[in-house]
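Undergrad: For reference, the structure I am asking about is given below.
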Amino acid sequence: MLSVIVPMYNVRDYCTTTLKSLTFNARHDFEFIVVDDCSTDGTFEILQREIRKVPGGVLYQNPQNSGISSTRNAGLRMARGKYVAFLDGDDWFAPGYLNQLVGAIEQLGCDFVRTDHVRVVGKKREVVRSPQAVRNTLLAPIKSIMPVDASTMVDYPLVWAGIFNRELLARRGLLFFDEKLRTAEDRMWTWRLHLYAQSYAAVDLAGIFYRRDVSTSLTRIPDERQLDFMPCFDQVAQEVAAHPWGRHIMPKVIRTYCAMMAIHLDRADTYEDDVRALLKSRVAQALDRLPQRLLEQTLEEMGERRAGLINSVCDAAPAARPEGADVRLLPNNGRRAAWEARPGRPNQRQNPQNIRVTA
C-alpha cells in the first residue's frame with residue numbers, strides 16, 4: 001500500500017529517533033526503505049543494528065556517495081507500494097500519522113496530497129501550514145501555481161510534507177528526481193507536479209517533525225552545491241515556456257527565480273570566497289538569459305531591497321549570452337541605467353550587507 005523513502009547521510013545523532021517513528025507507524029502493508037548515502041560518521045552501523053526493530057524496514061547502501069536526488073531515486077526504484085511518502089534522516093513522524101495520510105489520499109482519490117508540518121528548532125515546536133487555504137477539496141495543481149505576488153504551493157517544495165500516488169506519477173514520468181541537481185531538486189520536482197499532474201488536495205495534518213538548522217543540512221553547507229537553484233529554475237523556465245499555460249505562468253517563474261537570487265546574494269558572505277564570486281557571475285549570466293521586459297517588470301514590483309541586491313551584480317564582468325538563449329531586449333548596462341533612473345529612487349544604493357531578505 002505505502003512505501004516510505006528515507007535517505008540517510010551522516011545523521012548519527014538523529015537516525016535512531018527517525019527509525020523509532022517508523023516503528024510507531026508500521027502496518028502490515030507499509031514498507032520503509034532506508035537508503036544510506038555512504039555515511040562517514042557511523043550512521044550506517046547504527047542503521048544496521050536498528051533496522052531490525054522496524055517492521056517492514058529495508059536497509060540499502062549506495063555503492064558510492066551520490067547525493068539526495070540519487071539516494072531518493074534508489075529508494076523509489078525499490079518501492080512496491082501504490083503510494084509513496086518521504087522522510088529525511090534527521091526528521092520523524094508522529095505515531096499513527098501515516099495511517100491518517102493514507103486514509104486522506106484514499107478518500108480524496110487524487111494524484112497527491114500535501115500536508116502541514118511541525119518545524120523544530122531546539123525545543124521549540126511550531127506548526128507551519130501549507131500555502132493552500134482550501135482544504136480537503138480536489139484541486140487542479142496548475143491552478144495553485146499563481147498568483148505571482150503571493151506564496152503558493154510551488155513555494156512549499158517540501159516533498160516529505162505529503163503523500164503521492166506512486167503508480168500514477170510513474171506512468172506520467174513525474175516520479176524521479178533530477179540527479180544533476182545537488183540542491184533545489186525538491187523545487188524542480190514540485191514544479192513538475194503542478195505543471196503536469198491532474199489533481200491534488202491539501203489537508204489539515206501536521207504529523208511530520210522537521211528539524212531546522214541541523215549542521216549537516218545541505219542548506220548549511222557553504223559550497224557550490226548551493227548554486228544549483230539556478231540550473232533548477234533555468235529548467236523550470238524552459239518547461240513553462242513550452243507549456244500551454246506558459247505565458248500566464250512565466251511571471252511567477254521569474255519572480256521566484258529573482259527572489260531566490262536575492263536570498264543567496266544576501267547571505268553570500270556565508271559562502272566560501274570562490275563560491276561567492278561564482279554566485280555573482282552566474283546570477284549575472286542568468287539575468288542575461290531571462291526575458292528582459294518581464295525581468296524589468298519583476299524587479300520593479302519586487303521592491304527596492306531585493307531589486308537592489310540583484311542589480312548589484314551588474315557591475316561584475318559582462319555576462320556571456322549562451323547560444324540559443326532569449327534575445328536580450330536590454331543589455332546589462334541598460335538595465336542598470338533604467339534602475340538608477342527610476343523616479344523616487346535614492347541616489348545612494350542601499351548596502352546589500354545591511355539588508356535582510358525573507359522568502
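Undergrad: What are the ³J(HN,Hα) values, in whole Hz, obtained from phi via the Karplus relation 6.51 cos²θ - 1.76 cosθ + 1.60 with θ = phi - 60°, for each residue of segment 184-198 in sequence order, with x given for Gly and Pro?
TA: Values, residue by residue: 6, 5, 5, 5, 4, 4, 5, 4, 5, 4, 6, 7, 10, 6, 9 Hz.
Undergrad: Also, quick follow-up: Using a Förster distance of 45 Å, how high is the FRET efficiency between ARG27 and VAL121, based on the Cβ-Cβ distance and rounded to 0.05?
TA: Computed FRET efficiency for ARG27 and VAL121: 0.90.
Undergrad: Give the lysines reachable from LYS180 as a straight Cα distance under 26 Å; neighbours fewer than 8 places away on the same chain don't count.
TA: Straight-line reach from LYS180, under 26 Å: LYS252, LYS280.
Undergrad: Please state, to two decimals, what the Cα-based radius of gyration of segment 232-294 comes to when divided by 2.2 N^0.38 Å (N = residues). Please report the intermediate quantities before stating the final value.
TA: On the way: Rg = 13.1 Å, N = 63, 2.2 N^0.38 = 10.6 Å.
With N residues counted in segment 232-294, Rg over 2.2 N^0.38 Å equals 1.23.
Undergrad: Per residue, what volume in Å³ does the convex hull of the Cα atoms of segment 133-222 enclose?
TA: Dividing the Cα hull volume of segment 133-222 by its residue count gives 133 Å³.
Undergrad: In Å², what does the accessible area per residue of segment 41-132 work out to with a 1.4 Å probe?
TA: Result: 46 Å² per residue.
Undergrad: Next question. Taking the highest mean first, how do the peptides 84-97, 276-289, 112-125 order by number of other beta carbon atoms within 10 angstrom per residue?
TA: Values: 84-97: 21.8, 276-289: 19.4, 112-125: 16.9.
Answer by packing, highest mean first, reads 84-97, 276-289, 112-125.
Undergrad: To one decimal place, what orientation-averaged projected area in nm² is obtained for the convex hull of the Cα set of segment 1-111? List each step's numbers first, then the result.
TA: Details: hull surface 25.7 nm².
Averaging across all directions leaves 6.4 nm² for the Cα convex hull.
Undergrad: Still on this structure, I have one more. Could you work out the Rg to Rh ratio of segment 109-183, with Rh taken as the Kirkwood radius (inverse of the mean 1/r over all Cα pairs)?
TA: Answer for segment 109-183: 0.99.
Undergrad: To continue, here is another question. Using packing as a proxy for protection, rank 51-62, 246-257 so that the peptide with the highest average count of other Cβ atoms within 10 Å comes first.
TA: 246-257, 51-62
Undergrad: Would you compute, for the Cα atoms of segment 71-229, the largest minus smallest coordinate along each principal axis and list the three values in descending order, in whole Å?
TA: Over segment 71-229, Cα extents along the principal axes are 40, 39, 35 Å.
Undergrad: Dipole of segment 13-84, Cα-centred, from +1 at each Lys and Arg C-beta and -1 at each Asp and Glu C-beta, to the nearest 20 debye?
TA: Numbers: 9 positive and 8 negative charges, 78 e Å.
It works out to roughly 380 debye.
The values are calculated or read from the model by the stated rules, or taken from the named source; none is laboratory data. All values reported here derive from a predicted model rather than from experimental measurement. In this analysis, Cβ positions are derived from the backbone assuming ideal geometry, glycine residues included, and neighbour counts consider all displayed protein chains. Each accessible area value is taken on the protein alone, full model and side chains, heavy atoms only, with ligands, DNA and RNA left out. Shrake-Rupley method; radii C 1.70, N 1.55, O 1.52, S 1.80 Å.
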